[in-house]
Structures are given as C-alpha cells and as structure tokens.
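Have a look at the structure below before the remarks.
The numbers here are math on the coordinates, done by the rules we state, and not lab data. Remember, it's a predicted structure, so these values are computed and weren't measured experimentally. Heads up, the Cβs are rebuilt from the backbone with ideal geometry, glycines too, and the neighbour counts pull from every protein chain shown.
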4 protein chains.
Amino acid sequence: MTASASSRKLKVGILGATGTVGQNFLLKLESHPYFVVHALGASSRSAGQPYIKAVRWKQAYPIPESARQLIVQECKAVQFKDCDIVFSGLDHDVAGEIEQEFSEADLAVFSNAKNYRRAALVPLIVPLVNTHHLDIVPHQRAQHEPPLKKGFIVTNANCSTTGLVVPLKAIEDAFGPIDRVIVNTMQAISGAGYPGVPSLDIFDNVVPFISGEEEKIEWETSKILGGISSDLTSFDLRQNQPIRVSATCCRVPVLDGHTESVSISFAKRPPPTPEQVEEALRSYTCEAQSLGAPSAPKAVIHVHEEPDRPQPRLDRYFQDGAGVNVGRVRDCPVLDIKFIVLSNNVAIGAATSSIINAEVAMLKGVV
Amino acid sequence: MTASASSRKLKVGILGATGTVGQNFLLKLESHPYFVVHALGASSRSAGQPYIKAVRWKQAYPIPESARQLIVQECKAVQFKDCDIVFSGLDHDVAGEIEQEFSEADLAVFSNAKNYRRAALVPLIVPLVNTHHLDIVPHQRAQHEPPLKKGFIVTNANCSTTGLVVPLKAIEDAFGPIDRVIVNTMQAISGAGYPGVPSLDIFDNVVPFISGEEEKIEWETSKILGGISSDLTSFDLRQNQPIRVSATCCRVPVLDGHTESVSISFAKRPPPTPEQVEEALRSYTCEAQSLGAPSAPKAVIHVHEEPDRPQPRLDRYFQDGAGVNVGRVRDCPVLDIKFIVLSNNVAIGAATSSIINAEVAMLKGVV
Amino acid sequence: MTASASSRKLKVGILGATGTVGQNFLLKLESHPYFVVHALGASSRSAGQPYIKAVRWKQAYPIPESARQLIVQECKAVQFKDCDIVFSGLDHDVAGEIEQEFSEADLAVFSNAKNYRRAALVPLIVPLVNTHHLDIVPHQRAQHEPPLKKGFIVTNANCSTTGLVVPLKAIEDAFGPIDRVIVNTMQAISGAGYPGVPSLDIFDNVVPFISGEEEKIEWETSKILGGISSDLTSFDLRQNQPIRVSATCCRVPVLDGHTESVSISFAKRPPPTPEQVEEALRSYTCEAQSLGAPSAPKAVIHVHEEPDRPQPRLDRYFQDGAGVNVGRVRDCPVLDIKFIVLSNNVAIGAATSSIINAEVAMLKGVV
Amino acid sequence: MTASASSRKLKVGILGATGTVGQNFLLKLESHPYFVVHALGASSRSAGQPYIKAVRWKQAYPIPESARQLIVQECKAVQFKDCDIVFSGLDHDVAGEIEQEFSEADLAVFSNAKNYRRAALVPLIVPLVNTHHLDIVPHQRAQHEPPLKKGFIVTNANCSTTGLVVPLKAIEDAFGPIDRVIVNTMQAISGAGYPGVPSLDIFDNVVPFISGEEEKIEWETSKILGGISSDLTSFDLRQNQPIRVSATCCRVPVLDGHTESVSISFAKRPPPTPEQVEEALRSYTCEAQSLGAPSAPKAVIHVHEEPDRPQPRLDRYFQDGAGVNVGRVRDCPVLDIKFIVLSNNVAIGAATSSIINAEVAMLKGVV
C-alpha cells in the first residue's frame, strides 16, 4: 500500500444493497479503514428512496448511521462512476448483465454472484486461499476493446465451497495433492437470502437438497485450488492433478453458519496422521494476512480440540466470522482423514470474502 | 403361528416403562393384535405407584387407558414371571444386570439397550433385515446351566444403524457385496431420551458429535449384514467380505427422524446404475412381511422421486414410522452410488424394532 | 338426518384445494362417514392437472389415494354443480367473488375465508359454540332474487378467535355475561399458510404483530357469542351485553397450535372461583355433540390439572385437534379469572370447523 | 468518582463463575474501565482448577484471555478478601448462605440471585429505575454487630421484572401512578440457565408456566417502583399507591430476549394518549446515565415505530443489551394503554444490571 492509499479512503458502491448480502456489506464496512460507502444500488422499485425507506432491514445490529439517508440508485454504471470499487450482492438473475456493464464502464467489480465464477478469465477467489489469481486481471482487461484501465470482475466463491477449500488448501500445502473429497454440508437458512426458506419448510426439519449447490462445490473447488498459467492468462482447473469432489448439500434449522463433514484422500502414500493434519491447519497462513489486509482473520483456521466442536451457534462469530473453524480431525476408515468444518456463510462465505479480496487488490495495486 | 397363538394374547412386560422408549412401547402396543401389556418396570423410585403418577409423559398422544393405573414394579424377574415377552427400554447403565437376570429367569427379553449387542451369541436384529439371526436362540439357551427353556436376549440395533442397514441390505441382495460406506447422520434430539439434549446446546445449532454413536454404526453394520454359521452357533461379522464403514454423527434441531447421507461402493465392477439401485430398493421385501408380522410396514423402503425428499418432518410418520425412506439415489463421483435415508428413530429405530422382532419370534415359534 | 342421508354420501367440493387449508380438508375428509370428495378447485394455473401434479403437498401424512388423480378444476360454480356441499379454503383476495358466485348458483358454501364473516346475514359459526346461528340461513336465501333453494354462505371464525370463544361460551353458560377479556396469543406459523412466514423472520424469534388479527378477535367474539333475533333475521352482536376484548397477537416458532393467555371479568359480582370455572369448562357440551356430528370431539374442553399445560406440542393432536385445551385456571389479580387456552389452528381452527358446521347443517336439514 | 477511583481499577470477584450468569459477567467485564476480574468462585468440584478446565463455556464469544488460567476458588470470603466488589451469579440453593457470609466479612456483594430480594433492608435495584434505593445501604450495614464498614448486599431483579419496570417507571414519572398491570411474558430459554430447559420440552412448543416467575413479577414490581422512607431505613412497597400486577409467564423457543405484552391503567383520569406515552418513554433518562456509569445505555428505552417490533432476534443486542425496547404503544380496549417490551435477559436482565448497579455504587461513593 502506498502512502497515498493509506491516507485517503476509497469510495465504494454496493449493488443489491437492500438484499441480505448487501445489508451485510454495509455492516462489515461500517468503520472500515480503507473504504467508505459512497453509493447504493438496488432495483428500480427502491431507487430514489433513502436507504432506510427502501430496505427491509433484517440484521441484529442497526443500519449504519452513514447509510440511513443515502439515496438508493438504479444499478447503472453512470451512477457509480466515482466509485473506486463496486461490491455486488446482486441476485444471479440480474447480476450477469449489470456486472458486465459496470466492468466495461471501467469499474472494479467484486462480486458475490455466481454468474461469472466459471468465466475463463474471471478469478474465483477465496481470500484465504488463492489471492494470487488476481494476477489474471491485466489479461482480463486486455480482452476489452479498447483495453480497460481499471475495470474488471473478480468473484468470490459459493458460501459452502468457501468453508471447504480453506482447510483443503492448508492440507495440500503441507502434504501434497488431495485426490478425493466427500463432503456433506448442513447449511444455514441465511444462505438462501430473504425471504428465502419458508419456515414451514425448514422448521423441525432437514431439507436434503439445495438447488445447484452440489455442482458448485464440485466444480469451484478445482478452479480455486488450481493454478494460473505462467503467462498469467489462464487457470489450470487442476487438469493435471484432478481432485474429485462428491458433495451432498442439506439445509438445516440454523440461522448462520455452514457445518461441513469432510473426508479426504491423498494422492501420495502414506497419508499424514490426524495430528500432522491438525498442525498443518493450525499453522496455515495466507497472503491476505502477510499483506496486512485489515479484514483478514488473525488465525485463518482455528482448530478445536474439544470433541464436539466446531458448532455454528458457538463458533460462527469468532474473529467476526472471517476465519474458518475445524475440529474432529481423525482417521477415516474409508478414505484417509475426516474432519468437521464450520464457516460463517454471511461473513467469510459472502460479504467478508469480497471485502478482503478488495483489500488485497488494493494492497497489491490492482485497484 | 399356531391356532392357539392367534386366539389368545401374549402377556408382555415393559422395562424402563417411564422413559422415552418405554412410553413409545406403550403407544405402539396400545391396540396390538397379539400382545397385551401386563407389567411395567421402572426404578425403585417409581415402583409402587400407578403409572400415571410415576411417569412424566412427553408424547403427543395420551397415555393408553389400560396403562394409566397399572402399578409400576421394580425390575425384578419375579415380578414379570407371567410375561411371555419382556421389552426392555432400560438405560444402558442398568440394562446389563437386569436383562441378564431376566433371561436367566427364563424370560424372553427383546432389548433396545446397547449392552448385549456385541455379545457373541446374542442376535442383533433389525427386523426389516436379519430376522434369520433368531436361529441362534437355541444355542444361546443351551449355554445356560441348566439350559433355558424360554429365556433369551435379543437386541435391536442403534437407531442410526437401523436406518442405514435397511437400504444396504436391499442393495446387497440385488448387486452383491458393498465394501465401503461413508455415512453422515443428522440425528433428531429424541434419540437422546429425556431430559437428553439441553435446549441451549441444540437450539440454532448443529452438534457434530454423539458419544459412541459412530463406533456403533461402524461395528453393528457388520454383525447385522453378516451371516450365521451353518450350525447356527456363531455370527460371521463379515470377516470374509469386510464392509468398511466411516460414520460421522451429528445432532440437529429436529424432533424425530434421523436423516443420513450415504455413499457406497461395490466389490464387483461395474457397479449398478442409480436406476437399478432405486428398483432394488423399491422391490425389497423381508421375512417380517412374508410371515405377516402385524407391525411390519407394507413397503419396507419408500423411494422418493422428488428431488428434495425424504425430509424428517414430512416423511417420518409414513407407515407409522415402521418403514424407511430413501431418496436422491445418484452417482457418487468418489465412491459408486450415494443417497439419502430417513428413518423414524423412535419407531423403527427403537420400540417398533423390538416389537416386530417379537412378532417374528412368535410367528416362528421362538417365543 | 333422514334414512336416505345416512345411506348415501354427500358429494363435496373443495375450493383452494392446493393450499394449506385445502390440504387439511382432504386429510380430514379422507374416510368421512357422510362426505365424499367429488371436486377440487384451484387457480387457473393448476386447473386441468391431476391433483398430485398441481399441489405442493406439505403435510406429514400422504395425499389421500382417492384425491391423487382427481383433475383440479377452475373455481367456477358450473364445475361444482353436482356438489351438495362446497368447502372453501380460498385466500381472501379471491374468496369474495367466488363464494358469492357459488352461493348464487345455489351451492351450499362453508367458508374458512374472512370475507363474509361480518356480513349481516352470514352466520359466523364456531361449531362448538353457536351452531344455532344456522337458523338465519332461510332468511339469507330469501334475500336472493329469486330466493335460493339450497345455496348459502356459512363462515367459520378466525383460528385465534375460535380457541378463545369456546371457553368463554362455556363460562358464560354457567356464570352469565363476561364483560371484559384481555387475550394474548402465541400463534403457530402454520396459521399463515404456505409459503407464509419466512424462516428468517420467525426463527429464534417472536413477532409481536399479525396484520388484522387483533381486530378479528375483538370483533368476531361479539358476533359468535351474541344471539340471533327471535324472528331469525339478524344477529345482536352483543349490543345489550357488550363484551370488550383487548387482543395482542404474536407469532412464535411453533408449527401447529395456538396458545392464548386469557384474563376475564364478569358482569355479576361476586365472580366464580377458579374451581367453579374449571367445573363449568369440563362439563360443557354443545349441539354438535348432541346431534352426533361425527367430527365433533368427545370432550369439547379438556381441562388440564398439571401446572404447565396445555402445551402445543403435547396437546394439539388430542381428539384429532377437534377439541380445545384449557389449563392454569386461577384468580387474576386485575380482572377476575385467568387461564391458558390451546387450540389446533389447522383442525378446529380451520378445516375441522367447516366440516363440523357442515355435519350439523346436514343433521339439522339445512343442507 | 474521585480522581483516585478513576485512576485505579477495582478488583472484582465473581461467584458462580462457571454458570451461565457467571460466564456473562466475564464477557461484560472483559475490558471494563473500572473493574478488573480478580477472583472466580464456584463449587468445590471446580475449585483448584484453571477456569478454562472448570467451565463448560457456552457463549458465542470466547473466554476472555485474562480469565482462562485464573484458578477457581471455593466460595469462601477469605479467598475474596482483596476484592472491592463481589458479583454473585450463584444458584439460589447456595446463594443465601454464601452471600451472607461474604457481606458479613465486609465484602460488597451485588447479587443476581433471588434469595435476598425480599429482605427488608436489601435494595432490589433495576439500574435504569431505582438506584436511589442504594441509600439504604448505611442502615443495612448498621444492623450488623459490629457495624459493617464496607460490606452489604444489593440485589438486582428477576429478568422478566426488569424488562417490565423500566417502561412503567418512565410512564409513572410522566403521568402519575399506574394502578393495574396485566403482563404476559414470552421468555427465552437462556433465562433458565444451563442445562436448563430440555430441548424436548421447548422445541416446537410453548410452556405456559415458569415456576415462581409470576409471583416474582407481581411482588418485585412494588418494591422497585416504591419509595424509600425519608430516614432511609425502609422501603414503602407502594402501600399507599398499590399497583396490582397480574402476570402470566411462558417459555418460548427463543435463545435470548424476553418479550412481554403489557396492558396498564392509570390512577388518574383521563389517561394519556399512546403518543404521549411514546414521548415519555423516549425521553426517559435515569441516574446511571447522569452519573456517567460506563455500562449504562445511551437510550434507556428505544421506542420502535415499525408495527412489528420489537423482536428478540433483531433487537436484543442493541446497545449491547443494556437498554429496553418498547413498541406497539396503543390504546387498550379494557385497561388504558398497551404495548410490547423486549429486554435482553442475559444483559440488562442479569449481569449488566449487577454491573451498572456496582458502577453507580462506586460513582456515589457507596463502594
């Protein structure tokens, strides 16, 4: 970060500001050291109203003072042209067109939507894992005619993918390639947004299906844990070191926090012991930390020693939800190692990921 | 069943009658065609009181009229000597001694407790799977000095094992041995009895640990799916066809009904397709049905076609909880096939299992 | 009931058959002694499809076999002309027009919707309370030009009103007019239909507001507990014996069963004791019982003696939800007497009320 | 507060430190400007162990670093003799004896237990309401032989009483005596401590009874809202201005936050309008604020304008749970005015009350 970067605040816009992810962006940015909320975008139905009128606020903490009277804009790039950074919490049914328009208008878009995650030149970044994928941004800009100067799209991952890949990355760094993963998720209702899941569907219940979720985990994992070509123009998607992932995704009556039960096997024999895996998880660090990104957690992974942890209600707010919790690391009688992961789907699984991605982008001079 | 068997009712006793399992025994036996509740046993604290005074009834249907004024007895065999059958819903901390005393007093004990499940000569029976294991009863009786005439112990399985082994058995019958199983359970709070799980522990939460549960699933599966020696004196525990099971057991905020996510692989290649597996599940029948056991379900396994089923709240009461629900049968990218199982832990997972076991024992002349 | 009435079954239609109330009508009518489901009505979007395709079934028991393949009709009277009785579970936004068309087409409509509850000549009947209000039907028919022969509209009350007026009626029968009522409800989520309450709104929460609900309780009580003029042409709405009702309505995280905390005062001094009130509640009977209506409960009011009952989870299914539970009858330090009421909002609070109303109408020759 | 008071920190002890209230004391005191945790007391079973071993920590935030290795003591005054203040979160079955021993050993005890709330010379203080009751402390000390110099017992109120009396006090300050109150509570499970309420009792349920709770509300209100004699030796318990309170207390499936539905009437006619009451609530301030107690809320009462607020999940953490939320202020058709109150039972309803009481005592020189 240059001196000038630290002395001024970047102006940020939030698209989909009235939705669940948008509300979380506002809370997480309330007193941010680099970023100041400058513009809010939502549907034309909300546009023109002060935010406090437009939003159905559903958070346990009040609307930040600075946002209450901001006038909501339509999601047109011209309304956000002063923004150094645009965070998108848009629904996928509108995100595709809008994010394209914004990036082509030379705006830096950090998106939580799924639309461009599979695009060949768009980085899919979990900020605790693969911020080096930002290196493709110059090539992404160059595809535009004329080349973009500041605009781009960077996406973060699906919330349930995010929780999974953090420990996988820590383990691969220490013990080499993982070749097979079976993951069963127990996902919180907040992951579906608002109004989202009807209470009659999830009350006293488990719904063993979340549309499209299993495919996201199975595909996104390879892009995130894969490499970038040496000429910084493509992602390798683990084609030379395939990682087969089998996901089953369930919704459970939990407000916030996705719990995942994971079994893995290693390409190399013999596999590490549970104690070795715990040690690797505990000592894992990431680029966002070393660069000093202010929203990065102190400990990327908190390894629990108690036999019955992590639990969403007790562990989801640790480090403001920016880290990942792992527990019950033990031998798997079928694959090699199994463990439990808990991540906060509305923090590191959504808004916090976009924000750390933007912090890293700024600290690396991409923004 | 002989003519006399059908024309008279067998007297049954219930041990642990004031507990959760005991209460369910009473409800399930309320208008049973063969069995009439004759004696109720509980701790010495309850003994001597009418049942209605001794019990803290926690069921959604009232105490059966016939049981309300029955005087609760201490769990001594002499008090139950008129009983043709004794059902035990005792806690494991007292079940060992009491069930032994009862069987040695020549009483037929059908136990829901875990104490004797691993005993070499005690059958561990899921009534929709391995009622032929009753054939070891004569050998069990013969070990006693002098040999028992009517007494024995038969156990049923842990509630989460029960849901798992029913589809595994149906699949093995059709496609030969399964060699690996990864199962993740999402278990209901009623599985822990009363008072059981404190609300502060499970409310808005997932607890990814149930003490001893994973070991039970991993071990019991081999005994239940294994064979009995040709001389009817021992169980083979699948020593020649090992089935490796990896279980992760979680408690979720659901009242009744255990949901399990299961991935399996087959010893033989190629494995069956999901459609073939569905057909095998749908057409599976068991001995309890062919013998006409009155509490056996019409359909052992209900295969759901909807993408988001089975669900505990919607499917747990189907067939009065005596069958098993399976859905989402599909290819597993890591093993061969994966699917979701739902079983009612307080019905087929507990009292109903003991009752069908007793019905089959009666219909086969073991009782 | 004439001999012919008992020997044949009346054909019934269900409007709003795919909704929550409609689904409950189907379950409650599955093996009804008088009524057979003949026609199902829903929106034009569903019309033409077999019921099993049109409905998103959300009940814990399967769709009745006889209904699965019935073709759903549009809600036009001509499609229901063979029906002796039409039950309406329509949403209020369409119920007004449709129910009017049906009644004017000489069909007997028993409605669960709110639209006509306040209409001067439409009886508002809680079947355990004021079935004598059916006496206004001839006058209602006579208003039509030409007078209707069979058609009419009868409504049942709002679910939370229903639970309240049953004990009030029993108490007034014994002790004379009640003049003041303060009632606080804790209402189940199923009262809002499907999709109804978003899980994010009610999970780990109480919502102290249900739109329009307090007004309904405060107004409907006077009509139901009021009289009918001696010439059977109008309701008195308690104008000579006002009953002031103050209601506060809250939504709580309960699936089924509305709990209400009630304080009352009497016009006459001294007021009865709690013991006298309990006795009056226990001994209360209603016309539906004396006429032998098959869906009427054996006991209209079950009075609980335990200090912590009634509770929705334990008491809502008693008598298939057709009766009302009362407990904790005690002195009120501010008014005279206070107590807790629990009623099953999807049974006596909705479909069951309409059905008993129809049974009584049939037994009295109104249908 | 003298200069010296501000420049040094007072040493505080916590009795019942391993319980739910004790855990909350630790969280609330983690970075307190006046107080530093010096000693932790618990049962002899825990004594001698570091806190982290002794406690079953059940909070959503981690154990404060400074407390993790503190050695838990038995609750003997000699172990706490260096403490300037002792907070008691003891269970009532042991609090009586221990708190007496501590106060007689000249220790200043701020207790959350119920044992001494009704004692004639013990102030029962809700810190947002009646901190002037501290004036009886000198008289309390004088009763001891020899008179105590520093020791005393001050209690705070039951959690459900606390939420109620704050708006009552604000209203009485503005409009004179309230003479009748009907209150219906919907209380959170955390109010019962740990393990507290079994999940099978409260899941999908309302329990319309909490042992002793209604009596507490009905009695404590008069002491808290009453005066102290001019010679500072007795409380008047509202004997000249009786306030009749009728309470019904229910447990609902909510984690934290007690919701209360309140109807009141005034001694003077005419009563104020809802708008006047709202204004009085909004403008209410208390001594803890004017003295600058650091844990006092900025706004004692937050008045909600939305029709469906306050709600526990959305409003319980506002101002760290130190204030009280009121909404739906409207006319009551039976009494005069009705409204909804929400207070955080583990904050202002428990630990936060004791802490503000101690802050005020220090600021007034009582400690």
- Task: Could you work out the relative contact order of the stretch C:244-367, using alpha carbon pairs under 8 angstrom and six or more residues apart, expressed as a whole percent?
- Result: 32
- Message: What do you get for the angle between helix A:92-104 and the principal long axis of chain A? Use alpha-carbon atoms, 0 to 90 degrees, nearest ten.
- Response: 60
- Take the rotation relating chain D to chain A, measure from its axis to every Cβ in chain D, and name the nearest residue with the distance in whole Å. D:204, 3
- Note on the structure: Computed over the stretch B:185-263, the convex hull of the Cα set has an average projected area, in nm², of 6.6
- Message: Classify the stretch C:59-190 from the C-alpha gyration tensor, please: rounded if a/c falls under 1.5, else prolate or oblate depending on whether a/b exceeds b/c.
- Response: oblate
- Message: What is the angle, in °, between the Cα long axis of helix D:352-363 and the longest principal axis of the Cα atoms in chain D? Nearest 10 is fine, range 0 to 90.
- Response: 70
- Message: Based only on Cα atoms, what mean projected area does the convex hull of the stretch C:89-163 have, in nm²?
- Response: 4.8
- Task: Taking a label point 7 Å out from Cα toward Cβ, give me the nm distances from residue D:211 to the same spot in the other copies, shortest first, one decimal.
- Result: 2.5, 4.4, 5.0
- Rounded, prolate or oblate: which one fits the stretch C:228-299, using the alpha carbon gyration tensor with axes a ≥ b ≥ c (rounded when a/c is under 1.5, else prolate when a/b beats b/c, else oblate)? rounded
- Query: Based only on Cα atoms, what Rg/Rh ratio does the stretch B:128-226 have, Rh being taken as Kirkwood's radius?
  - Reply: 1.08
- Query: Hey, if you put +1 on the Cβ of every Lys and Arg and -1 on every Asp and Glu Cβ in chain C, which of C:224, C:158, C:322 ends up farthest toward the positive end of that dipole?
  - Reply: C:322
- Item | In nm, spacing of pseudo-spin labels at residue A:36 and residue A:106 (7 Å Cα→C-beta vector) | 2.3
- Note on the structure: residue B:146 neighbourhood, Cβ < 15 Å, K/R = +1, D/E = -1, net charge 0
- Query: Rounded to the nearest 500 deg cm²/dmol, what is the calculated helix-only ellipticity per residue at 222 nm for the protein assembly as shown, with -39500 (n - 2.57) per DSSP H run of length n ≥ 4?
  - Reply: -7500 deg cm²/dmol
- Query: In Å, the Kirkwood hydrodynamic radius of the stretch B:278-367 over pairs of distinct alpha carbons?
  - Reply: 14.0
- Message: What is the angle, in °, between the Cα long axis of helix C:159-175 and the longest principal axis of the Cα atoms in chain C? Nearest 10 is fine, range 0 to 90.
- Response: 50
- Message: Whole percent per 10 Å bin, from 0 to the bin with the longest distance: what is P(r) over all C-alpha pairs of the protein assembly as shown?
- Response: 1, 8, 14, 18, 20, 18, 13, 6, 2, 0
- Query: With a sphere of radius 11 Å drawn around the Cβ of residue A:15, what net charge do the other residues whose Cβ falls strictly inside it have (Lys, Arg +1; Asp, Glu -1)?
  - Reply: -3
- Query: So which residue, out of B:14, B:71, B:243, gets the largest mean-square fluctuation from a GNM of chain B using Cα contacts under 10 Å as springs?
  - Reply: B:71
- Write down the Kirkwood hydrodynamic radius of the stretch D:35-107, to one decimal in angstroms, obtained as one divided by the mean of 1/r over all alpha carbon pairs. 13.0
- Convex hull of Cα atoms in chain B, direction-averaged projection (nm²): 17.9
- Connecting every pair of Cα atoms under 10 Å apart in chain A and solving the GNM, the largest mean-square fluctuation among A:248, A:233, A:352 falls on A:233
- Query: What nm distances, shortest first, do you get from the label point of residue B:33 to those in the other copies when the point sits 7 angstrom along Cα to Cβ?
  - Reply: 2.5, 7.6, 7.9
- Message: Springs between alpha-carbon pairs under 10 angstrom, Gaussian network model over chain A: which of A:143, A:49, A:23 fluctuates most?
- Response: A:143
- Take the cross-link list A:58/D:338; C:114/C:216; C:216/C:268; C:28/C:81 and give me the ones stretching past 19 Å between alpha-carbons. A:58/D:338; C:216/C:268; C:28/C:81
- Query: When DSSP assigns beta bridges and you keep just the ones with both residues in chain C, what percent turn out antiparallel, to the nearest 5?
  - Reply: 45
- Item | Pairwise label distance in nanometres, residue C:49 with residue D:74, each label 7 Å out on the Cα-Cβ vector | 7.2
- What is the ratio of the Cα radius of gyration of the stretch C:159-343 to 2.2 N^0.38 Å, where N is its residue count, to two decimals? 1.03
- For residue D:290, place a label point 7 Å out from Cα along the Cα→Cβ vector, do the same in each other copy, and report the separations in nm, one decimal, smallest first. 6.0, 6.7, 8.9
- Query: For residue A:234 and residue D:320, what does the FRET efficiency come to when R0 = 51 Å and r is the distance between their Cβ atoms, rounded to the nearest 0.05?
  - Reply: 0.55
